[in-house]
Amino acid sequence: MIEKTNKKVVEENKNIKIVHDATCTFCGCVCDDMELHVDVDEKRIIKSKNACVLGRAWFAEHTIENAPAAMIDGKEVTIEEAIEEAAQTLVNAKFPITYGLSDTTSEAQRQAVAITDYIKGNIDTTTSVCHGPSGLAFQGVGESTSTLGEVKNRADLVIYWGGNPAESHPRHFGRYAVTPKGMFTPNGKKDRTVVLVDVRKTKSAGVADILITPKPGKDFEVLWALRALVKGVKLSSDIEKETGVPLEILTDLAKRMKECRFGVLFFGMGLTMTRGRHFNSGALLALATDLNEYTHFVAKPVRGHGNVTGADNVVAWQTGYPFGVNFSRGYPRFNPGEFTTVDTLSNGDADAALIVASDPGSNFPKKAIEHLKNIPVITLDTKTTDTTKLSHVAFKTSTYGINTSGTVYRMDDVSITLRPAFESPFPDDEKILKSIKKRVHELILKNSHSGGASGEAKVAAAVNPL
Amino acid sequence: MSASMRIVNGQVYDPKNNIDGEVKEICVEDGKIVDSVSDEATIIDAKGMVIMAGGVDIHCHIAGPKVNLARKLTPEARRHDPHPSTPFTRSGSGGTTPSTFAAGYRYATLGYTTAMEAAVSPIGARHVLEEFEDTPIIDKGFYVLLGNNIFLHNLIREKRIEEFDQAVAWWVNATKAYTVKLVNPGGDEPWKGKRNSNVSNIDEKSDDDTLSPRQIIEAFIKTVNKQGYPHPPHIHCNNLGHSGNYITTLETMKTAGDLRAHIAHIQFHSYGGEVGKNPISKAAEIAEYVNNHPNITCDVGQVMFGDSTIMTADAPLAYVLKGHSKGKWVNADTECESGCGILPFAYQEHIYVHTLQWAIGLELFLLSEDPWRIVLSTDHPNGGSFMAYPKLIKLLMDEKFRREEMKRVNQKALLNCSLPELKREYTLSEIAIITRAGPARALGLETKGHLGVGADADITIYDLMDDKELMFSTPRYVIKSGNTMIANHEFKTDSKGKVYHITPDYDNKIEESLKPFFEDYYSIEFSNYPVDDRYLHQHEIIKTKTS
């Protein structure tokens, strides 16, 4: 009896810290209204209020593991030794590649691009295997888009295409696009018509007022038919045979699109990674653009990883191109298909790899993984993965948004500063990458001036003779 | 870290200190201009060279969400224009929307050491500051878009002026901005909420909105002047690009009364004629008003023939231009705050309108009687890249060159402006005013734009040449904060530049009104909205009357 009472007291006295307005970086929704209850002594999050099922798992699973902070070939080493080895490996490689970056802060991403610039390597992000085709379509036709708050405030027609947010982005409906009450949508869902276009009836179908199920691989044809109908072109009822969608349904949707006040087309990888790829994304973006002749219409890819949008942004502002960038000539060149990572690995081009916050070792094509096994790989990850297991140098880092602050970009390019919950004994990605960058730059300057004056002396020499 | 330095034998053009080409020694220590330095100081012999303060760009678009969208949109514009790395400097790519590193280095290669990003939605401020940290060498700041802010509109509509003043100051603090920017005030709501329509008259009110653009403009001019910001509201008037818009521009300036206001890219707002028809020049009318009203400053927004990128918070305008270009187009709405339109564009000599725009810009420069209040700009990259500044300088300094160029353009357009009659040639001193001293004064940056004791040691040294385009595109030395960045045309080191911002006073109580609005209508939490100090890296606060 006494023991039991004591136990209860201990629990009440637990050192609990509450972090308000923390951000969940699990998916591209980047919800920043988390209330995290942190057991400070045990260093774990015991409750994550407002989080969805995916977010709750994200917060619960990131505890502090007992593992070495740095390893070379599976053996524990000091972080300094690992940084030296990583820098030497990268500087000595002829075609080093950097990949991943979508689950870390933009501060870390900036360091990764800098390293790749210095070593004249190749940089690419997970964008190349998710919404890369949307990026290419964007270059072709542009995009009418908006921040998610504008959807919440104004959208009266919401269309999801090739995605299943109920399972991939569970709060997308409630927080941004379907049920929230906004400035011009005071009744929430009642003020909106929700359309779901997908090849199968997913869990997301529950919110849809209209469900459209085209034949698999026929998204482009459906989108093109809608573009025609929007522009008043008459179509034959054969369209149903081709696409699996009756003409009346398409005609009705085209009418709704033209007549709504503010329409939005969200699209997922069911569109971008199936037959047609960037043609599909391009057709959808062009449809949204066309509709602006009649009303206000926007489109938005529903991005996956917490900061994949940041990765696009950082690579774009530092190099001018969003992904698939090569520095081997001393300046950035953009060529998806050649400089994207599945290709640099499958073609056997890469001779060293720096992988940040990503696990290509588990999800890349077999040929790419085989090559990854044959070259020195440097990884930064919070967890042990298939990629860390095959790494020459492996750093264990702290988790963004849980242990470290920094910046992430939501799927609509809105940036948010993270509020960490508890400290990790492991350094963060930015810190490790900064150290590698510093060492890499030293080595390169040494090489470029070997036998001559040092950089600083050269500066002085350039001014003094006058 | 910056060494002391003595620059000798150069012809100094420092209009703020009334130095007009005299040979004078310039001494530098600890990043500042000083009276004298010890004999150990590094000596730069500038014989046969012209010395000016570092250039100051008062209006450009070089960082942030819209610039980055433009970069992602146009790989083709940069592919042919790589910016290679050096052992000291990072690589990048150029075109009309260069990558951050290329932008900083390229400004430096023109002798510019300060540039102000002219349009940032508040929610994009954090992004801009991140890009600023990757924009090397130059000092920078940005203007925050508040002219289509729904919360502020509500306060003006309800005549809650005291709260309006507080809320404006709150927003400037929350975003680390340098001043407020108005773009097509009142135009966003019809664009987003009324099927892509727009306002067309400064006094326009609609059935469901009793707020006119003029009321918005007036409210901002009053509050900013009351709070004494170093730079007044930076205004992109309504009706940009439309024939007959000079009336709107005159009315906007009249709304200011005798209070300070800056009219951005005024060339795009100096058109006569009827809406929907070809414009004619009203440069003379606009120049006359500016000449007679010392409270007004402006930048020209010169159009230069060749490639450009249209990027503007004026979304309806970009849509109109999409109708002309027929190419790809980006629209990006920002919740409760702003709109944005982006598209690639090219100005062509044979097109009437493009020639007229080019001519009106030149007319405005040549008709201006006070170079201190008209600033050289191309509204980069809207009128053309900042890399075209040297050519623009040559057009202003060399009448013969101007006449040669006039032979290549649409002759009909030249009949509808006064350019062919204008013989004026800018002097080096006047160039120093419109590219440095003037913009620094308009910005209230007292340590910029001149070479007097106490000024920042931002110094550009040009070889004196007859060809002014060549001269201004290839400075021999560029010194930033006392460090020699470029010597003999080569980069010698790298640096980050700092961020300028202001911190006007406000009463925290305003957050009690702001918070519920955010909870209802924004998609991020109120507490996560303001940008914290860590994004400022190196920064300097310029004082306002109330800070």
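A short reminder: the numbers here are calculations on the coordinates, not readings from a lab. This is a predicted model, so every value here is computed, not measured. Neighbour counts run over all protein chains shown; Cβ positions are idealised from the backbone, glycine included.
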Among trypsin sites (Lys or Arg not before Pro) in segment A:211-306, those in a DSSP loop whose Cβ has at most 13 other Cβ atoms within 10 Å are A:K231, A:K234, A:R275
The FRET efficiency for B:T546 and B:L259, from their Cβ-Cβ distance with R0 = 25 Å and rounded to 0.05, is 0.95
Between A:N66 and A:E370, what FRET efficiency follows from the Cβ-Cβ distance if R0 is 22 Å, with the result rounded to 0.05? 0.10
Calculated from DSSP helices alone, with each H run of at least 4 adding -39500 (n - 2.57) and the total divided by the residues of chain A, [θ]222 nm to the nearest 500 comes to -11000 deg cm²/dmol
Output the antiparallel fraction of DSSP beta bridges having both residues in segment B:57-449, as a percent to the nearest 5. 40
Segment A:132-301 - convex hull of alpha carbons, volume per residue in Å³: 97
Testing the spin-label approximation: label points 7 Å from Cα along Cα→Cβ at B:I247 and B:N201. State their distance in nm. 0.8
Quick check for me: using +1 on Lys/Arg Cβ and -1 on Asp/Glu Cβ, what's the dipole size of segment B:416-547 about its Cα centre, in debye to the nearest 20? 460
Show which lysines lie in cross-link reach of B:K391 when reach means a straight Cα distance below 19 angstrom and same-chain residues fewer than eight apart are skipped. B:K400, B:K407, B:K423, B:K468
For peptide B:119-131, how many partner chain Cβ atoms fall within 10 Å of a residue's Cβ, on average? 4
Identify all aspartates and glutamates with a Cα-Cα distance to B:K492 below 19 Å; exclude those on the same chain that are fewer than 8 residues away in sequence. A:D117, A:E442, A:E456, B:E29, B:D30, B:D45, B:D134, B:D139, B:D458, B:D463
What whole-number volume per residue, in cubic angstrom, does the convex hull of the C-alpha atoms of segment B:284-366 give? 118
Towards the positive end of the charge dipole of the protein assembly as shown, with charges on Cβ (+1 Lys, Arg; -1 Asp, Glu), say which of B:H80, A:A254, B:P381 has the farthest Cα. A:A254
Rg/Rh (Cα only; Kirkwood hydrodynamic radius) as it applies to segment A:275-393: 1.06
Over 24 Å between Cα atoms, which of B:K181/B:K543; B:K140/B:K394; B:K159/B:K205; A:K366/A:K389 qualify? B:K140/B:K394
Going by amide H atoms built from the backbone, whose H comes under 5 Å of the H on B:I263, apart from near neighbours? B:I235, B:T297, B:C298, B:D299
Per residue of chain B, what 222 nm ellipticity follows from adding -39500 (n - 2.57) for every DSSP H run with n ≥ 4, rounded to the nearest 500? -9000 deg cm²/dmol
Return the average number of partner chain Cβ atoms within 10 angstrom of each residue Cβ along peptide B:185-193. 2
Which whole-angstrom value gives the distance between the alpha carbon centres of segment B:463-516 and segment A:34-76? 42
What distance in nm lies between label points placed 7 Å from Cα along the C-beta direction at A:K94 and A:K203? 5.0
Let me know the number of lysine pairs in segment A:132-301 closer than 12 Å at the Cα, not counting same-chain pairs under 8 apart. 8
Just add up the charged neighbours of A:D191: K/R +1, D/E -1, any other residue whose Cβ is under 9 Å from the Cβ of A:D191. +3
Using mean Cβ contacts within 10 Å as the protection proxy, how do B:49-60, B:474-485 order, highest first? B:49-60, B:474-485
For the protein assembly as shown, percent of DSSP beta bridges that are antiparallel (nearest 5) comes out at 45
If you average the alpha carbon positions of segment A:234-304 and of segment A:382-407, how far apart do those two centres end up, in angstrom? 39
What is the ratio of the Cα radius of gyration of chain A to 2.2 N^0.38 Å, where N is its residue count, to two decimals? 1.10
What aspartates and glutamates sit close enough to B:K16 to cross-link, taking a C-alpha to C-alpha distance under 12 Å and skipping anything fewer than 8 places away on the same chain? B:E430, B:E446
Can you give the direction-averaged projected area of the convex hull of the alpha-carbon atoms in the protein assembly as shown, in nm²? 43.7
Quick one: if the Förster radius is 30 Å, what FRET efficiency do B:N488 and A:S328 give, using the C-beta to C-beta distance and rounding to 0.05? 0.60
For segment A:91-234, percent of DSSP beta bridges that are antiparallel (nearest 5) comes out at 0
How do A:M71, B:M116, B:M311 rank when sorted from fewest to most other Cβ atoms within 10 Å of their own Cβ? A:M71, B:M116, B:M311
